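Contents: one structure, followed by commentary.
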Amino acid sequence: MKAVIMAGGEGARLRPLTCDRPKPLVPICDRPMMEYIVDLLKAHNLNNLAVTLQYLPEQIKEHFGQGDALKVRFTYFMENKPLGTAGSVKNAASFLDETFMVISGDCLTDIDLTEAVAFHKRKEALATIILTPQENPLEYGIVIVDEEGKVSRFLEKPRWGEVFSDTVNTGIYILEPEVLSFIPEKTKFDFSKDLFPLLLEKGKALHGCVLPGYWCDIGSSTQYMEATWDVLGGKVKVAIPAREKKKGVWVAQNVKIHPESQLVPPLFIGNGSRIAAGAQVDGFSVLGRDNIVSERVKVARGITWEGVVLGEGSSIK
C-alpha cells in the first residue's frame, strides 16, 4: 500500500515561522515535524511515499532527498499553482495505482493507521475518513457516522450552535484509485469542501473510522507550542531525537551542561548546545541545536531553534 504526504501548503497561519521555510520543516524538538509523520507511516508498513509540493519545494527535497536516510522511498509531485488538498493528490495520480493513504505533513499524531486500513477493507469503502474525538471541534471539520460507519453528515469549521458531533476530520484518508476520477484535472479542489460532499451526493461508499489516539493539526503558533509541550509531556508516542539523561531531561549529542546550571524536567536540549553556570531551564522548554545559554539566563516554557545565543542575564518565556 502507498501513501501520499501533503507538504505543499504555505502555512500562512504559522507565520512568521514559515516565512522562509515550509511548514513540514518547522522543528519540534529539533526535528522537522514531517519526520514524525514518516516514522508513523513506516511503523505501519507504509514505505512507498508520494510527497506533494508547492511552497518552497526545494527545501523539502534537499532535506529528505529520495528518503534513504529514513529508509523509505519518496516520489515528488510539484504543483505550479495551489490545487487544494484533493487537487494536489490528483496531481500524483500516475503514482496511485492501488489503495492509498493520504496524510498531512504538518500534523502530529500517533493514531493506529493499521486499524484504519483494516476498517476500510472490512467496509469495502471507496473512501474512509479517519476521525477522532476533540474537546473543541470548532476549528475542524466535524463528521457524524451511522452505526455501520457510513458518513451521514459533515460540516467544516462550525459555530457552536452548529456542533452536532465531537468527532473531527483528521485529514487522514484511505482511498481507492477510483476516487481520483471525481477530482478535476489541474483545478483547485478540496477533500472536505468539494470531494466528500460530491461522493455523499452520489451515494458512494464514504465511511468514517473513529479512532482514539493523539492528533494535533499544527496550524497556529499556539498549536505549535502545545504540540511541542505534548511531546515533552509524553502525551504523544513519538521518537524524541535525544537520550533521556534522567526522567524527562532529553539531551542530544555533544551538549555541555555546567554543573552549576539548573534543569527542570521535562525539557529538550539539541545537538551541540552549551548551558553556562547559573542558567536555569525550566520545564516544557526546548533549546534547538547549537544554542548558547549564557550565565544567569532563565528559560521558562521557551522554544528556540538552531543557532540561538541567549546573552548573559537574559530571559525568555
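The values are calculated or read from the model by the stated rules, or taken from the named source; none is laboratory data. A quick note: this is a predicted structure, and the numbers were derived from the prediction, not measured. Counting neighbours? That spans all protein chains shown, and the Cβs are built from the backbone with ideal geometry, glycine included. Ligands, DNA and RNA are stripped out before the accessible areas are found, and what is left, the full protein with its side chains, is counted by its heavy atoms. Shrake-Rupley method; radii C 1.70, N 1.55, O 1.52, S 1.80 Å.
Can you confirm whether A69 is among the aliphatic types (A, V, I, L, M) and surrounded by fewer than 20 Cβ atoms within 10 Å (Cβ to Cβ)? So A69 passes the test. Quick one: what pairs do we get from the range 215-233, first residue farther than 14 Å from A12 by Cβ, second among the aromatic types (F, W, Y) and surrounded by fewer than 18 Cβ atoms within 10 Å (Cβ to Cβ), C-beta under 8 Å, 6+ apart or different chains? Qualifying pairs under 8 Å: D230/Y214. Total residues in the range 238-274 satisfying the condition of being outside any strand (DSSP E or B) and of a type in the set (A, V, I, L, M, F, W, C): the figure is 7. Name the residue that is farthest from D39 (Cα to Cα), counting only residues in the range 85-107 that are open to solvent by 20 Å² or more (accessible area, probe 1.4 Å) and within 18 Å of the chain's Cα centre (by Cα). Among those that are open to solvent by 20 Å² or more (accessible area, probe 1.4 Å) and within 18 Å of the chain's Cα centre (by Cα), it is T85. Condition first: of a type in the set (A, V, I, L, M, F, W, C) and at pLDDT 95 or above. Now tell me which residues in the range 97-107 satisfy that. Passing the criteria: F100, M101, V102, I103.
For the range 142-179, the tally of residues that are more than 17 Å from L211 (Cα to Cα), at pLDDT below 75 and not in a strand (DSSP E or B) stands at 8. Tallying residues that are free of Cβ contacts under 8 Å to residues at least 60 places away in the same chain, in contact with a helix residue (DSSP H, G or I) (Cβ under 6 Å, 6 or more places away or on another chain) and among the hydrophobic types (A, V, I, L, M, F, W, C) within the range 26-52 yields 2. Take the conditions (1) under 27 Å from the mean Cα position of the chain (by Cα); (2) hydrophobic (A, V, I, L, M, F, W, C); (3) surrounded by fewer than 19 Cβ atoms within 10 Å (Cβ to Cβ); L267 misses just one of them, which is (3). Summed over the range 221-244, the residues that are surrounded by 15 or more Cβ atoms within 10 Å (Cβ to Cβ) and either over 23 Å from the mean Cα position of the chain (by Cα) or of a type in the set (G, A, S) (or both) give a count of 2.
Conditions (1) modelled with pLDDT of 95 or more; (2) aliphatic (A, V, I, L, M), marked per residue:
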| site | (1), (2) |
| --- | --- |
| K247 | no, no |
| P259 | no, no |
| R274 | yes, no |
| V293 | yes, yes |
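With the condition kept exactly as written, say whether any residue in the range 199-212 is within 24 Å of T52 (Cα to Cα) and either open to solvent by 20 Å² or more (accessible area, probe 1.4 Å) or part of a loop (DSSP other than H, G, I, E, B) (or both). No, because not a single residue in the range 199-212 is within 24 Å of T52 (Cα to Cα) and either open to solvent by 20 Å² or more (accessible area, probe 1.4 Å) or part of a loop (DSSP other than H, G, I, E, B) (or both). With the structure loaded, tell me whether G278 is in contact with a His (Cβ under 9 Å, 6 or more places away or on another chain), open to solvent by 10 Å² or more (accessible area, probe 1.4 Å) and either in a loop (DSSP other than H, G, I, E, B) or on the phi < 0 side of the Ramachandran plot (or both) or whether it fails that test. Yes: the conditions hold for G278.
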